[in-house]
Structures are given as C-alpha cells and as structure tokens.
1. Step by step: first the residues of segment 37-54, then only those that are hydroxyl-bearing (S, T, Y) and farther than 29 Å from N98 by Cα, then the one that is most open to solvent (accessible area, probe 1.4 Å). Which residue is that?
2. Answer yes or no: is there a residue in segment 55-69 that is open to solvent by less than 80 Å² (accessible area, probe 1.4 Å) and more than 16 Å from the chain's Cα centre (by Cα).
3. Within segment 105-112, can one find any residue that is over 30 Å from T37 (Cβ atoms) and out of contact with any Lys or Arg (no Cβ under 8 Å at 6 or more places or on another chain)?
4. Tell me, please, whether a residue that is in a helix (DSSP H, G or I) and at pLDDT below 95 can be found in segment 100-122.
5. So, in segment 76-93, exactly how many residues are part of a helix (DSSP H, G or I) and either open to solvent by less than 80 Å² (accessible area, probe 1.4 Å) or hydrophobic (A, V, I, L, M, F, W, C) (or both)?
6. Go through segment 98-120 and count every residue that is open to solvent by 50 Å² or more (accessible area, probe 1.4 Å) and in contact with a helix residue (DSSP H, G or I) (Cβ under 6 Å, 6 or more places away or on another chain).
Amino acid sequence: MKAWIPLTLVLALGTVAVAQADCTYPRAPDAPPDGNTATKDQMIAAKHDFDRYNGEMNSYLDCLKLEMDAATPKDPKKLTADEKKQSDDQQKILVQKNNAAVDELQAVVGRFNEQLKLFKAKAAAAKS
C-alpha cells in the first residue's frame with residue numbers, strides 16, 4: 001500500500017505540470033491564393049497549410065480547455081473572496097483567449113473557403 005503513495009504523488013504532480021503548460025498559439029497560414037487565378041497545385045498546397053493550421057488551432061483550444069479545467073477550483077466554497085476573484089479573473093481570461101482563437105480560426109478558414117469556391121467555379125466554367 002505504501003508503494004502506491006509515491007507513484008500517486010508523481011502522477012498527480014505530472015498532471016499538474018501538463019495542465020499548467022503554456023499553450024502555444026499557432027501561426028496562421030499566409031493568405032490563400034486567388035481562386036480566380038490559382039493553379040490546382042497552389043490550391044492543394046494552400047489546403048494542406050490550412051489543414052495544418054486547423055489541427056494546430058484545435059490542439060491549442062484543447063490545451064486551453066485543460067488550463068480552464070485546472071483553474072477551476074475543486075470546492076469553490078472553501079475559497080476566500082480574493083481567491084474567488086482571482087479564479088474568476090483567470091477563467092474570464094481563458095474564455096476570452098478561447099473565443100478569440102475560435103473567431104480567428106473561422107475567419108482564416110473562411111477566407112480559404114471563399115477562394116476555394118471561386119477556384120471550383122472557375123474549373124466548372126472551364127469544363128462547360
């Protein structure tokens with residue numbers, strides 16, 4: 001039984017370290033190619049960049065979720081007024097970071113999707 005105590009302690013401290021890790025905000029890809037003039041290869045390369053960015057942003061959002069979970073007090077009733085305010089402020093900041101990241105992700109991917117739509121329309125018109 002005593003052998004489990006150090007192991008449990010190590011696992012608990014490891015979890016805290018992961019939860020407090022800094023989340024790295026991903027770099028958005030360059031502007032997508034113009035769908036009216038881009039080649040198929042350019043659009044495919046851009047799609048790969050935007051897929052990478054989407055995956056990295058989702059990882060960032062997952063990291064923020066872990067930070068939010070770690071910052072949530074287990075028993076808020078035991079907090080002093082200052083501790084509660086500090087916890088609420090930290091939660092507010094993390095929610096703002098999350099919302100800003102989601103807004104940016106939607107805008108960046110939306111710009112690519114607009115150009116992709118133009119590219120597909122150009123290709124469809126060329127076949128007609």
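The values are calculated or read from the model by the stated rules, or taken from the named source; none is laboratory data. What you see is a predicted model; the values in this text were computed from it and never measured. No Cβ is skipped: glycine too gets one built from the backbone with ideal geometry, and neighbour counts run over all protein chains shown. All accessible areas refer to the heavy atoms of the entire protein, side chains included, with ligands and DNA or RNA removed. Shrake-Rupley method; radii C 1.70, N 1.55, O 1.52, S 1.80 Å.
1. Once the filter is applied, the top-ranked residue is T37.
2. Within segment 55-69 (the criterion being open to solvent by less than 80 Å² (accessible area, probe 1.4 Å) and more than 16 Å from the chain's Cα centre (by Cα)), the answer is no, since none of the residues qualifies.
3. No, there is no match, as no residue in segment 105-112 is over 30 Å from T37 (Cβ atoms) and out of contact with any Lys or Arg (no Cβ under 8 Å at 6 or more places or on another chain).
4. yes
5. 7
6. Looking only at that region, the number is 0.
Yes/no per residue for (1) among the charged types (D, E, K, R); (2) modelled with pLDDT under 90; (3) in contact with an Asp or Glu (Cβ under 9 Å, 6 or more places away or on another chain):
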site: L11; (1), (2), (3): no, yes, no
site: V18; (1), (2), (3): no, yes, no
site: A21; (1), (2), (3): no, yes, yes
site: P29; (1), (2), (3): no, no, yes
site: A46; (1), (2), (3): no, no, yes
site: D49; (1), (2), (3): yes, no, yes
site: P73; (1), (2), (3): no, yes, yes
site: K78; (1), (2), (3): yes, yes, no
